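So the structure is just underneath, and the comments pick up after that.
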Amino acid sequence: MVGGSKEDFKRAEEVLKALAAPQAYGLLGPVGAGHFVKMIHNGIEYGMMEAIGEGAAILKNSEFDYDLREVFRVYSKRSIIESRLVSWTLKELQNDPDLTSISSTIGSGGTGKKVKGEAHWTLEIAKKMGVKVPVIEASVKVRDASSKDGNSANTP
């Protein structure tokens with residue numbers, strides 16, 4: 001997710017190629033465009049992670065005695081929601097089926113308590129643009145509440 005001139009991108013491309021996964025980088029516009037895309041990426045990621053957590057919480061609290069490892073194994077095999085986030089969830093479930101070793105406090109993505117994470121910036125930009133982002137907004141609210149009370153609303 002690079003912003004800059006074509007010339008600067010060409011100069012940096014070998015380093016980018018060495019650091020990034022294949023095809024996982026690109027020149028996305030002028031200076032600032034890459035960071036803007038990364039900011040939106042983080043907002044999307046927040047929403048996806050919250051949805052995964054909510055789904056796991058519903059499954060865990062349902063009338064059925066699900067083995068979440070098996071559920072997430074199935075989800076991770078060409079399901080429409082297959083993703084790295086689902087695969088990482090499966091990996092954690094395999095190590096700790098009840099996820100008791102994972103804190104239910106979610107950080108904001110900033111580098112300190114008073115620093116806003118990129119998803120907060122996404123909300124600010126969306127508001128200025130008049131773009132509605134209810135999923136990102138809800139996920140940021142859950143993260144903020146978690147960091148204040150030390151507990152996520154949807155821990156499986």
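Tabulated data for the structure shown
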{"quantity": "Hits in segment 17-26 (condition: under 20 Å from residue 39 (Cα atoms) and either of a type in the set (S, T, N, Q) or over 22 Å from the mean Cα position of the chain (by Cα) (or both))", "calculated": "23"}
{"quantity": "Helices (runs of 4 or more DSSP H) contained in segment 1-101 and holding at least 1 residues surrounded by fewer than 15 Cβ atoms within 10 Å (Cβ to Cβ), modelled with pLDDT of 95 or more and in contact with a strand residue (DSSP E or B) (Cβ under 8 Å, 6 or more places away or on another chain)", "calculated": "6-19"}
{"quantity": "Criterion (of a type in the set (S, T, N, Q) and under 24 Å from residue 138 (Cα atoms)) met by exactly one of 62, 76", "calculated": "62"}
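The values are calculated or read from the model by the stated rules, or taken from the named source; none is laboratory data. These figures come from a predicted structure and were not determined experimentally. Note: ideal-geometry Cβ built from the backbone for every residue, glycine included; neighbour counts use all protein chains shown.
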